[in-house]
Amino acid sequence: MDGGGRFSQPLNAAGTSGSGGILAGLRLPRILRRFSSARRLRPAVPIEARVPRLAGTALVAGLAGTVALTGFVMSGRYDSFVAENGRPLDILARIAGFGVERVTITGLSRMYEREVLSTAGIDWRSSVPFLDVDAVRDRLLAEKLIASASVRKLYPNEIVINQVEREPAALWQQNGEIQVIAADGKVIDDLRDERYVNLPLVVGAGANERLKEYLALIEAAGPLGSRIRAGTYVSGRRWTLKLDGVDIRLPEAAPAEALARLVRLERESKILEKDIIAVDLRMADRVVVRLTEEAAATRAESRKKPKKGTAT
């Protein structure tokens with residue numbers, strides 16, 4: 001070394017390289033020598049020995065199956081299969097004995113059992129383990145007639161549905177369509193069959209929101225209330241009642257008092273038994289009656305006939 005503590009000759013000079021160099025005098029620890037020797041002695045393992053037998057065949061079969069399944073789904077045949085037989089998981093569950101064999105429904109009032117099952121999406125293809133009760137409940141609540149619902153599973157084969165239906169109060173006709181409404185006027189169903197035909201009928205824009213007013217008029221009609229077939233809300237201001245084919249035109253103000261006058265007239269003179277098509281009660285001091293066409297023609301003809309003793 002020189003005076004500065006540096007080697008005065010390169011490391012690859014004589015005496016510093018090869019077997020006689022500085023590094024030649026160093027000895028590896030015994031454990032490292034063993035590891036180095038083991039790596040040199042371990043024989044190479046062929047790749048075919050390291051890969052499981054038939055792995056290639058399985059890989060090819062898996063790829064082929066994936067391609068075939070993708071084509072089956074994309075072609076629409078999978079959807080047809082599910083529509084006819086149910087989902088594969090449901091099929092397996094049914095085979096294992098967990099198919100839906102019984103559905104118990106409580107709270108049925110206006111709806112039929114088949115309607116509830118159709119709305120819930122439950123049929124013979126369903127299975128208890130894979131039935132999504134939250135999805136079934138959401139579908140039931142989407143039905144206007146159902147106010148609340150709960151769904152639960154009873155293993156191995158039963159589904160229980162508890163529902164509360166909205167109470168229909170009347171029928172509402174507008175633009176030629178008839179719908180079922182609740183007491184607050186909210187539409188809860190369409191008129192699809194005869195189960196609602198005996199409900200009161202209101203007609204016209206805004207009539208559904210005036211249902212309580214219409215029902216109060218039926219009460220005010222007393223003995224004539226059962227003969228009222230419908231009420232039309234006219235121009236958003238007043239009611240015209242249909243009573244045994246006769247239009248009863250009520251005033252905008254104090255319609256109940258006008259109905260009381262009609263009840264009195266019917267009791268005293270049987271006005272509704274005559275050949276009339278309308279009774280106008282909109283004026284407080286008089287009652288205007290409109291005759292049928294036949295009655296009006298007969299009345300006009302009778303006026304044309306000369307009285308006895310009059311020259312013609």
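For the reader, a short list of remarks on this structure follows.
- For the pair GLU84 and ARG238, label points projected 7 Å from Cα toward Cβ lie 6.7 nm apart.
- Distance (nanometres) between label positions extended 7 Å along Cα→Cβ at ARG110 and ASP247: 2.9
- Our estimate of slack between ASP190 and ILE95, defined as 0.36 nm per intervening residue step minus the Cα-Cα distance, is 30.2 nm.
- Set LYS186/LYS212; LYS212/LYS242; LYS242/LYS270; LYS153/LYS186 screened for pairs whose C-alpha atoms are more than 22 Å apart: LYS153/LYS186
- Working note: Karplus 6.51/-1.76/1.60 with θ = phi - 60° gives segment 125-140 the couplings 7, 7, 9, 5, x, 9, 7, 8, 5, 5, 5, 4, 4, 4, 5, 5 Hz, where Gly and Pro are set to x.
- The calculated Kirkwood hydrodynamic radius for segment 160-294 is 15.8 Å, given to one decimal from all distinct C-alpha pairs.
- The phi torsions of segment 215-224, fed into the Karplus equation with coefficients 6.51, -1.76 and 1.60 and a -60° offset, translate into couplings of 4, 5, 5, 4, 5, 5, 6, x, x, 8 Hz, rounded to whole numbers, with Gly and Pro shown as x.
- Oblate is the label for segment 236-280, because the ratio a/c of its alpha-carbon gyration tensor axes (a ≥ b ≥ c) is 1.5 or higher and a/b is not greater than b/c.
- The figure for PHE81 is an accessible area of roughly 80 square angstrom, using a 1.4 Å probe on the protein chains alone.
- GluC sites (Glu not before Pro) within segment 97-134: DSSP coil, no more than 14 neighbouring Cβ in 10 Å: GLU101
The values are calculated or read from the model by the stated rules, or taken from the named source; none is laboratory data. Note that the structure is a prediction, hence the values are computed from the model and not measured. Every residue, glycine among them, receives a Cβ derived from its backbone with ideal geometry; neighbour counts consider all protein chains shown. For accessibility, only protein heavy atoms count, side chains too; no ligands or nucleic acids. Shrake-Rupley method; radii C 1.70, N 1.55, O 1.52, S 1.80 Å.
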